[in-house]
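One structure is given here, and the rest of the page talks about it.
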Amino acid sequence: MYAIFERQEDFPKAHMYQIRIAFKLKEDKFRFMALSDTIQRVMPRSEDRVKGHSKPLDFKEAVLLTNPSNPKLKGEVDDKYQYSTENKDNKLNGWISDHDSVGFWIMTPSNEFRTGGPHKQDLTSHVGPTALSMFVSTHYTGTEIDTFYKEGEAWKKVFGPLSEEIESWPYNFTRSEDFPHSQQRGQVNGQLLVQDRYMDKQLMQAKSAFVGLAPPGEADSWQKEGKGYQFWTQTDKIGRFNIKNVRPGVYNLYAWVHGFIGSYKLDLNITIQPGNKIELGTLIYDPPRNGPTLWEIGIPDRTAAEFFIPEPYPQYVNSITNDGAD
């Protein structure tokens, strides 16, 4: 399954801040939701969220379950935003049925059509039972994600495909000429090193760095980009990267490195043509610095994993969030 959105040159201006597919499943069949190996649970029913069965909290999406159909859920919070995941982790989510030993899954083998890069969060599944595939969204970013279209602005984009075997990507079953098959795509290889003389006089290997191709722009423009395609990978232990299955087009290469502030951008437009392999060689990131580090709070890695997160008030708990590793 996939979708092709297109705007002609004579279209009026528009703001498409949310594009998604929502699947509404039978509530008597699907009660167990799974987002990952560790984030999964028996879910409330939609009737459990209405007056008499729940108490509304500070915003309409969050309720405290006071009289749910499943007594084990009494006293828990249900809030669809608590089931959000980052783009890089959102490859599989869905529902499992107790009755027929079947499941309904949203499988997304490539994030190339998603907006905002690998760390942008978005919705997945929630009470309904509802399974979502988010194409474009301003969740957690606001309207700074570029989803505005000017009068006369032509645009076309393929969202998906979804719900096929992940390991067989890129798919060749699509019939549209707007979706390039595997032999019509290219790849970019290279190695990223870091030069920071205050930490080491030698060049350092940028291991586990995020490296990606996105539409041309400034160093961090991919975080607000919502109309084109993005392709991301992580480097190995010596900083080597291989960005595979890239659609033909013109891109800039962007990166950031765990433990170093700032962002890297290669000042070169990279043109991908069908079947080509581009070797960029060694790239060197020189992070911004005015002198030696005096003190530091946290790790510059675009996460808050190292910070202490207090336990929630006992009366406002969602058991799916109790695993600190997540």
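Taken together, the values in this text are just the output of simple stated rules run on the coordinates, not laboratory data. Everything quoted here is computed from the prediction, not taken from an experiment. Positions of Cβ are generated from backbone atoms using ideal geometry, with glycine treated the same way; all protein chains shown enter the neighbour counts.
Quick look at the values:
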{"item": "Projected label distance in nm at His99 and Tyr81, using a 7 Å step from Cα toward the beta-carbon", "result": "3.4 nm"}
{"item": "Set of lysines near Lys227 by C-alpha distance (under 28 Å), chain-local residues within fewer than 8 positions excluded", "result": "Lys13, Lys24, Lys80, Lys88, Lys91, Lys120, Lys150, Lys156, Lys157, Lys244, Lys265, Lys277"}
{"item": "Residues of the stretch 1-38 with amide N under 20 Å of a point placed 7 Å along Cα→Cβ from Ser46", "result": "20-34"}
{"item": "Centroid-to-centroid separation of the stretch 196-261 and the stretch 102-162 [C-alpha atoms, Å]", "result": "21 Å"}
{"item": "Selected from Pro248, Pro314, Pro161 as most flexible by GNM, with the chain as the system and alpha-carbon contacts under 10 Å", "result": "Pro314"}
{"item": "Binned Cα-Cα distances of the stretch 1-110, short to long, each 10 Å bin given as a whole percent", "result": "11, 34, 32, 16, 6, 1"}
{"item": "Total charge dipole magnitude, the stretch 3-151, about the Cα centre, Cβ charges on Lys, Arg, Asp, Glu only, Debye to nearest 20", "result": "440 debye"}
{"item": "Pairs of alpha carbons in the stretch 78-221 whose separation is greater than 23 Å (percent)", "result": "53 percent"}
{"item": "Stokes-Einstein D (µm²/s) once Rh is taken as the Kirkwood radius of the stretch 78-158 over alpha-carbon pairs, at 20 °C in 1.002 mPa s", "result": "149 µm²/s"}
{"item": "Alpha-carbon centroids, the stretch 285-326 and the stretch 8-40: separation in whole Å", "result": "29 Å"}
{"item": "Environment charge of Asp267, counting only residues whose C-beta is closer than 14 Å and scoring Lys/Arg +1, Asp/Glu -1", "result": "-1"}
{"item": "In nm, spacing of pseudo-spin labels at Glu306 and Ile21 (7 Å Cα→C-beta vector)", "result": "4.1 nm"}
{"item": "Label selected from (1) 114, 42, 35; (2) 62, 55, 41; (3) 71, 42, 41, the criterion being Cα extents along the principal axes in Å as computed here", "result": "(2)"}
{"item": "Order by protection proxy (mean Cβ within 10 Å, highest first), peptides 235-241, 113-119, 186-192, 34-40", "result": "113-119, 186-192, 235-241, 34-40"}
{"item": "Calculated on alpha-carbon atoms, Rg and Dmax of the stretch 182-285 in Å", "result": "13.6, 45"}
